[in-house]
Amino acid sequence: MLWRKMLRDLRENKTAYIACTIVIAIGLMVFTSMSIVIDNLNNAKNEFYDTYHFADVFIKVKSIPHTQVKQLKNIEGVDRVQGRLVRDVRVLKENSDKNIYLRLVSVDLKEEEPLNGVHQLAGFPLTSGEKNIWIGSKFFEANSLTMGHELFVLVDGKKMKLTVVGTGQSPEFVYAMQNVQNLFPDPEAFDIAYMPYEDMEVLFANSGMVNDIVLTLQPGYTLKDIENKLEDRLKKYGLASMVEQKDQLSNVMLTEEFKQLESTVRSVPILFLLIAALILYIMLKRLVEQQRGQIGTLKAFGYGQKEILIHYLSYGGLIGFAGGVMGGIFGSLLSESYTQIYQTFFNLPTLKNTFSPKYFFMGILLSMVCSLIAGFQGSKGVMKLQPADAMRPSTPMFGKKVWIERSTLIWETLTVQGKMAIRNISRNKGRSFFTFIGIMVTFAMIATMWSFQDLIDLMVTDQFTKVQTHDVKITFTRPLPMEQVMRELESKKGVKRVEAMLEVPVTFKNTYRKKDVMVVGLPQDSILYNILDEKENRIVLPKEGAVLAQSIADSLGVSVGDTLHMESPWAKEDILYVNVVAVIPQYLGSNVYMEQNALSQLLRQPKVATSLLLSMEETFIKALKKEYNTSETVASFEQNKQMVEKFQELVGSFAYMIWVMAVMAMVTGFAIVYNSSIISLAERKRELASLRVLGMTPREVLEVISFEQWTIGVVAMVAGVPLTYLLKQSMASSMSNDLYSMPVSTGASSFLVASLGTAVAMIIAQLSVARKIKKLDLVEVLKERD
Amino acid sequence: MSIILQARNLSKYYQMGEVTVEALKGVDFDVFEGEFVVVLGPSGSGKSTMLNMIGGMDAANAGEMYFKGKPLHGASEKVLTQYRRDAIGFVFQFYNLMPNLTALENVKLSVEIAKSPLNVTEVLEEVGLLDRADHFPAQMSGGQQQRVAIARAIAKNPEILLCDEPTGALDLSTGMQVLKLLRKFNETHHKTVIIITHNAGIAQMADRVFYIKDGRLDKIEVIEHPLSPEEVSW
């Protein structure tokens, strides 16, 4: 019978309880779906890495004989080692001015179980001698290729024909980005192609040589243990870089994604459950208070403490269960589409969605535990009531003045409704605090979500409109004499300005810390590539010393004034020293900047350029590109405009997610404000009905409740500003890495949107309360005694 | 004297599950301006229903009701709210003061929505509570609270002061003070006062008494020489 009473009680305030259930469901939906996706990704990743022997160490050298690579096996700690040729080539596609590149990776057909083995997805086996390739399936689809398709690529200035015989995927390129700057894979413009070594050595006239080494370590060894020995052996072959599995580009992106997913799973559901628990607590506390008489009657009948407590706990239990089941079901469904999204970004052949009863039940358990605790806290007052006391009405509240009344100036400007509202805030401090927290969290959540837009603006748009202000960047296959190439380009039609750029791979060391970075040498008066400080003021590169990106300075543990050890395959001397003269925020990528001449002098190299930055008239770009399209010295020809467009396309899909999250935050805000209004309404039914009898319109009566909420709301929104910064700070520190770092700054527009969003949630909640006020049965309410 | 309220064949039924309860069964009456009327009846006689009709809080199922010739039957909620706002001053049995407003603020609350309100301070002085203006309801006795409630009703300067068992929760002497105030308002401001009660003693101070019995207006008694509040006893 009590069960039925509960169901009817719930029905009486169904919107409030449904809102609470939805908040729980949202939290658990995130929990279930993300947890499943993490498992899916993890399983697929581990399976792929294991089956295809993902290497532990990745080394790039200029050129080394195959035989020398085999010798590396003698180093203690090295398990297996393989050499490969890895070269980026440009694909020549008719009627397309898009830059399309393939990374050719050699495959040793004789090797039974090669490191970074290639999983064949479709097509025929690779055979040597016919310039056959396997290609990434995403590229294959994006460019609508067919088996047997002939691709023309540019190798050292010569046009070569390759035949696509199949599609394949290696654990090394799960996230196939051409370089760090790209951030996202673009399967139409870049992918990996696998080619028999025998064909590649002929193609690049590199007989018996390789430029890339992968190796696995014996158990118990790390790269640190063998690093020095490797360096000694490889230095003379032009060692360019040496990274561990954990720093390998594709693996880093995958790991970063895991980190983000895991931090979401840990934080978002808890936030929602906490809010739901708060709502439940307040609702049940109020319900118990309201039903004192009923509880007394039940006790007088002979119902025990426990039975009554269980009765009130069942409210929380039922809501927790319903929310948990809903969240579990929707989460499981959502994991399907999440997994699909990940399939488009990550090339994991065995990635598929699996229903996980584990998370489904964990979710239900989690939500029930939360709801029961909240329910117990809310209803434990039942136990203290004596039957006789319980049937007597609770002692009436005592009106009193609040501190704000001391300021007569403000107080006197308020209407009497306003005064009531202000005093009501302190009338039930617990609930006011709950409303405050709820609105503050809602505001901060919307602001944080929305500021991702600004963030992308800062990270991407700024990078291409304020930092990289050139129109075209031409990258060479090898360093070229600076003055000569500049002179050549300056004479071209439409070219307004030419600046040389020198990009040098170096290793910086500070005590035990070490970092491989790209040093970018720029002219001091560069206007095509601007180095900006945090206030976006241009920094003039000093004649000596280096400017570091914040993330590099952090990971090396240095600040302005410190001296760094520097090593480079380009340097004439083994160890160089360079001073840190400035540290700048860099959101996309992380580099070190030096004045061009200073860099050349430091390396004791003649003046060379690895690329040129051009400012030129749009109409001439196409012609220029065509001219250099087949040049053997030109590795790439990038147009800034295309890069921006590419990024903006990606940002578009991101905007959708922001909307979803913002709406979720608004639903939460609505649930909180609605519940707190419903409770106020129930508590003050008699008061509000009296106001109606006095002749106030429903709108005027609503003002008493809404004025109170807006007062709390405005204060809460103001408090939400620092909370937003706090949220973003913690997100930034958990999400920043070498590829990108998140700025913490939040634009005014985000706060404006957050204010609007929060206000809309509040207004919608108040409108439904207004309907309830209109329906107040004056005769009935006034008949009831206090 | 002109008619301020007019009821014709006023009827009201309540559906209580499967049973229909007839609370008012075709009641006719006129109330004149400046009159002091007591509606008298035992509990369950339909007097509360009549109060709700007069107060514009409930709509009749049948019959007609006019305030100064304007129909209230079938009027929209908006019209009824306006009617309560402008024409009616309500005094409840249990005062129904806002617990978190002081005496003065409770009075101001009704003044804020009134068309031609009286001076708040003067009204509070009239009910003898100026020195308590700053007190909250919980800091006052029942009689004081009822006086605040009367002040709140009077201050709006309504055409009709409608009182629901105004002395019901009070002892004799405080009840008498309250009645004095009601009479004073009736005399000095020349406004209509309608008291709804089951207390036959109060009837002695009325100009006319409406006897309600079993949902019907049993009889209307005109009292030639109404007693003063001090003379009333119960």
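What the table below lists for this structure:
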read-out	value
Residue in the range A:475-490 that is in a loop (DSSP other than H, G, I, E, B), surrounded by fewer than 18 Cβ atoms within 10 Å (Cβ to Cβ) and among the polar types (S, T, N, Q) present	no
Residue list for the range A:405-451, filter: among the aliphatic types (A, V, I, L, M), within 14 Å of another protein chain (Cβ to nearest Cβ), within 15 Å of A:Trp710 (Cβ to Cβ) and assigned to a helix (DSSP H, G or I)	A:Met420, A:Ala421, A:Ile422, A:Ile425
Residue satisfying all of: in the range A:159-210; under 21 Å from A:Leu348 (Cβ atoms) and of a type in the set (S, T, N, Q); nearest to the chain's Cα centre (by Cα) among these	A:Asn182
Qualifying residues in the range B:110-159 (those that are over 25 Å from B:Thr81 (Cα atoms) and facing chain A (nearest Cβ under 10 Å)) - the one surrounded by the fewest Cβ atoms within 10 Å (Cβ to Cβ)	B:Asp134
Unmet requirement for A:Ile446, which otherwise passes all of (1) touching a Ser or Thr at 6+ places or on another chain (Cβ under 7 Å); (2) modelled with pLDDT under 85	(2)
Residues that are without any contact (Cβ under 8 Å) to a residue 24 or more places away in the chain, more than 19 Å from B:Thr197 (Cβ to Cβ) and assigned to a loop (DSSP other than H, G, I, E, B), drawn from the range B:13-59	B:Gly17, B:Glu18, B:Ala59
Unmet criterion (only one of (1) at the interface with another protein chain (Cβ under 7 Å from one of its Cβ atoms); (2) crowded, with 24+ Cβ neighbours inside 10 Å; (3) not in a loop (DSSP other than H, G, I, E, B)) for B:Met98	(3)
A:Gly720 at pLDDT 90 or above and of a type outside the set (A, V, I, L, M, F, W, C)	yes
Tally of residues being at the interface with chain A (Cβ under 7 Å from one of its Cβ atoms) and of a type in the set (Val, Ile, Thr) across the range B:73-87	1
Long-range neighbours under 9 Å by Cβ, at least six apart or interchain, first residue at pLDDT 80 or above within the range A:366-386, second surrounded by 16 or more Cβ atoms within 10 Å (Cβ to Cβ) and among the charged types (D, E, K, R)	A:Gln377/A:Lys285; A:Gly378/A:Lys285; A:Gly378/A:Arg286; A:Ser379/A:Lys285
Qualifying positions in the range A:55-76 - among the hydrophobic types (A, V, I, L, M, F, W, C) and either under 38 Å from the mean Cα position of the chain (by Cα) or closer than 15 Å to A:Gly238 by Cα (or both)	A:Ala55, A:Val57, A:Phe58, A:Ile59, A:Val61, A:Ile64, A:Val69
Helices (runs of 4 or more DSSP H) (entirely within the range B:140-234) containing at least 1 residues that are of a type in the set (Asp, Glu), on the phi < 0 side of the Ramachandran plot and more than 13 Å from the chain's Cα centre (by Cα)	B:172-188
Some residue of the range B:147-170 being in contact with a helix residue (DSSP H, G or I) (Cβ under 6 Å, 6 or more places away or on another chain), farther than 22 Å from A:Arg692 by Cα and of a type in the set (Lys, Arg)	no
Some residue of the range A:556-566 being of a type in the set (A, V, I, L, M), at pLDDT 85 or above and surrounded by fewer than 16 Cβ atoms within 10 Å (Cβ to Cβ)	yes
Matching option when the condition is more than 13 Å from chain A (Cβ to nearest Cβ) and within 17 Å of the chain's Cα centre (by Cα), among B:Phe67, B:Phe92	B:Phe67
Condition check for A:Gly148: part of a loop (DSSP other than H, G, I, E, B) and of a type in the set (Gly, Ala, Ser)	yes
Test: residue in the range A:702-711 that is within 14 Å of chain B (Cβ to nearest Cβ) and surrounded by fewer than 19 Cβ atoms within 10 Å (Cβ to Cβ)	no
Single unsatisfied condition, B:Leu10 versus (1) modelled with pLDDT of 90 or more; (2) aliphatic (A, V, I, L, M); (3) closer than 28 Å to B:Thr188 by Cβ	(3)
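Results for (1) touching a helix residue (DSSP H, G or I) at 6+ places or on another chain (Cβ under 7 Å); (2) of a type in the set (Val, Ile, Thr), shown as yes or no for each residue.
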| site | (1), (2) |
| --- | --- |
| A:Val520 | no, yes |
| A:Lys543 | yes, no |
| A:Ala546 | no, no |
| A:Leu576 | yes, no |
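Condition check ((1) surrounded by fewer than 18 Cβ atoms within 10 Å (Cβ to Cβ); (2) of a type in the set (S, T, N, Q); (3) more than 14 Å from chain B (Cβ to nearest Cβ)) across all residues:
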| residue | (1), (2), (3) |
| --- | --- |
| A:Val693 | no, no, no |
| A:Arg699 | yes, no, no |
| A:Val714 | yes, no, yes |
| A:Ser730 | yes, yes, yes |
| A:Arg771 | yes, no, no |
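The values are calculated or read from the model by the stated rules, or taken from the named source; none is laboratory data. None of the values given here were measured: they were computed from a predicted structure. Ideal geometry is used to build each Cβ from the backbone, glycine not excepted, and the neighbour counts take in all protein chains shown.
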